[in-house]
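In what follows, a structure is listed as structure tokens, so that the remarks can point back to it.
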Amino acid sequence: MGTFITRWIWRIFLLSIGAVLVYQSWIFSHVVYWNFYNPSSSAFMEDRLDALRQRNAAAVLRAQWVPYEKISPSLKRAIVAAEDSKFLVHEGFDFEAIQLAYEKNLKKGKLVAGGSTISQQLAKNLFLSGERTPWRKIQEAIITLMLENVMSKRRILEIYLNVIEWGHGVFGAEAAARHYYGVSASSVTVEQASRLAAMIPSPRFYDKNRNTPWLSKKTGIIRSRMAAAQIP
């Protein structure tokens, strides 16, 4: 009886390992594919669309892919300045930023800051749910390594700028530029870019509250950092 149970435990263990490897292979194949072809959606976009359609069955997302060269350099600089100042030099993780975020959260006694890089945010947006679990953080790290080893920094930033949320049903730089300013992503000014970058942590809130004192303050901080931001 003991041998029988042991065999089944090993079978379950091996099947679990096999399932994990199949899942990782599936993700990796998408990373390779998206290095050459543009993703039409992301896991986060699909989650938001499902949520919107629970209230309105006809809801659609506003998103339009634009190539890297048709996105304003000011917007690229603003995003890097706001979200990941070491984007060009790290290999997917900014451990100093993670440590600073941890200390800030510990001091406040709640989650008030994150230390995720652009690559980590892209990994999460493309493939993962919004759950905060140890497994999800491990999976995010694995996908981040895949992105960094398969894609160039330019490609990572290009996809990121096209899939991040910028308001209620608004995704990507082109849709955001038109939604907030009535211009194309290529025409975004320094002031507009810094404000759009400031909205990223809470895009749905700032979509409804576009002139809060904190948003204006953060816009100024980002604008002052843009000149030093390096972009691919």
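Every listed requirement among (1) surrounded by fewer than 22 Cβ atoms within 10 Å (Cβ to Cβ); (2) in contact with a strand residue (DSSP E or B) (Cβ under 6 Å, 6 or more places away or on another chain) is met by GLU191 save one, (2). If you filter the stretch 81-125 down to residues that are among the polar types (S, T, N, Q) and surrounded by fewer than 18 Cβ atoms within 10 Å (Cβ to Cβ), you find that the one that is modelled with the lowest pLDDT is ASN105.
Looking only at the stretch 14-30, residues that are within 17 Å of GLU140 (Cβ to Cβ) and among the aliphatic types (A, V, I, L, M) come to 2 in all.
State yes or no: is ALA51 at negative phi, at pLDDT below 95 and surrounded by 15 or more Cβ atoms within 10 Å (Cβ to Cβ)? I'd like the intermediate steps shown before the answer.
Numbers: at negative phi: yes; at pLDDT below 95: yes; surrounded by 15 or more Cβ atoms within 10 Å (Cβ to Cβ): no.
When the stated conditions are applied, ALA51 does not pass them.
Taken over the stretch 177-214, the residue count meeting the criterion of being more than 24 Å from ILE156 (Cβ to Cβ), more than 20 Å from the chain's Cα centre (by Cα) and among the hydrophobic types (A, V, I, L, M, F, W, C) is 2.
For the stretch 176-195, the set of residues classified as of a type in the set (Val, Ile, Thr) and in a loop (DSSP other than H, G, I, E, B) consists of VAL183, VAL188, THR189, listed by residue number.
Can you name the residue in the stretch 44-71 that is farther than 16 Å from HIS168 by Cα and outside any loop (DSSP other than H, G, I, E, B) and, of all such residues, is nearest to the chain's Cα centre (by Cα)? Quick ask: steps written out before the conclusion?
Looking only at the stretch 44-71, we keep the residues that are farther than 16 Å from HIS168 by Cα, and these are 65-71.
Retained after the next criterion (residues that are outside any loop (DSSP other than H, G, I, E, B)): 68-70.
Details: TYR68: 16, GLU69: 20, LYS70: 20 Å.
Only one residue tops the list, namely TYR68.
Scan the stretch 196-232 residue by residue and report those that are in a helix (DSSP H, G or I), of a type outside the set (Asp, Glu) and open to solvent by less than 40 Å² (accessible area, probe 1.4 Å). Across the stretch 196-232, the qualifying residues are LEU196, ALA197, ALA198, MET199, PRO203, TYR206, LEU215, THR219, GLY220, ILE222, MET226.
Only residues that are more than 16 Å from ALA43 (Cβ to Cβ), open to solvent by 20 Å² or more (accessible area, probe 1.4 Å) and at pLDDT 95 or above were counted across the stretch 126-154, and they come to 7.
The values are calculated or read from the model by the stated rules, or taken from the named source; none is laboratory data. A quick note: this is a predicted structure, and the numbers were derived from the prediction, not measured. FYI the Cβ positions are ideal-geometry reconstructions off the backbone, even for glycines, and counts take in every protein chain you see. Note: areas computed on protein heavy atoms with side chains; ligands, DNA, RNA excluded. Shrake-Rupley method; radii C 1.70, N 1.55, O 1.52, S 1.80 Å.
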